[in-house]
Amino acid sequence: MTTQALSYAVDENDHLVKVDRGYYSFAEENGWTEAGTSLGRSLWDYVAGEDLKKVQRLLLRRVRDDVGDVELPFRCDGPGVRREMEIRILARPGGRAVLFSARLRSEEERDAFQPLLDAEAPRGPDALGMCGWCDRFEVEGEWVEVEEAARRLGLFERTEMPALSHGICPDCNELLLAA
Ligand SMILES: [Zn+2]
């Protein structure tokens, strides 16, 4: 069974101070082996890519300083599954603590296993840009879904996957900054 919701909270230094059972079960389903040591760690240890970190830091600052509460769609795909989620980021009034709660909106099995999203797949020397928010890939200057990226790059004929270089696409950059 798939986890439907999870939440976690950070303190004023962006350290994880609380995670719920959904967090652990979601982590287990997705093979995040280090979830057990999450408490006390920096939230930013879990965000891949400097650009995405930068935009998320800005968003978090705005939530703390004046917005208070935002809700945003995001993707959290796995090798065999396409997952659309919604995250709510809520700053506690007065305090600097921020609560994140994510819930699953839809989950669909993919037509084919996507080795590009498999953390265990061997990686070659070439790099492929991936948006850490919507899970799309940059191929020939265009941001496309994993199936399309795999097709264009001929990944099913390869034994090694390109290394992933995490960033943020222009659409998500705009979405997060406008939140
Ligand atoms: Zn994106």
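Once backbone amide H atoms are built at 1.01 Å from N, G80 has Q114 as its partners under 5 Å, excluding neighbours fewer than 5 places away on the same chain.
Please compute the length gained on full extension between E148 and D111, using 0.36 nm multiplied by the number of residues separating them and subtracting their Cα-Cα distance. If you can, show how the numbers build up before the last one.
Working: separation 37, 0.36 × 37 = 13.32 nm, distance 1.22 nm.
Taking E148 through D111 to full extension adds about 12.1 nm, to one decimal.
Backbone N atoms of the range 55-81 closer than 19 Å to the 7 Å Cα→Cβ label point of E174 belong to residues 55-56, 59, 71-75.
L90 sits among other residues whose Cβ lies under 11 Å from its own Cβ, and their net charge, with Lys and Arg +1 and Asp and Glu -1, is +1.
Report the relative contact order of the chain, percent, no decimals, based on alpha-carbon pairs under 8 angstrom and at least 6 residues apart. Intermediate values should be presented prior to the final figure.
Details: 318 pairs, mean separation 37.6, N = 179.
Once normalised by length, the contact order is 21 percent.
Applying a DSSP loop filter and a limit of 14 other Cβ atoms within 10 Å to the GluC sites (Glu not before Pro) in the range 150-179 leaves E160.
All other residues whose Cβ lies under 12 angstrom from that of E29 are scored, Lys and Arg at +1 and Asp and Glu at -1, for a net of -1.
Each reported figure results from applying straightforward, stated rules to the coordinates on display, with no laboratory input. Just so it is clear, the model here is predicted, and its values are computed rather than measured. So basically every Cβ, Gly included, is an ideal-geometry build from the backbone, and we count neighbours across all protein chains shown.
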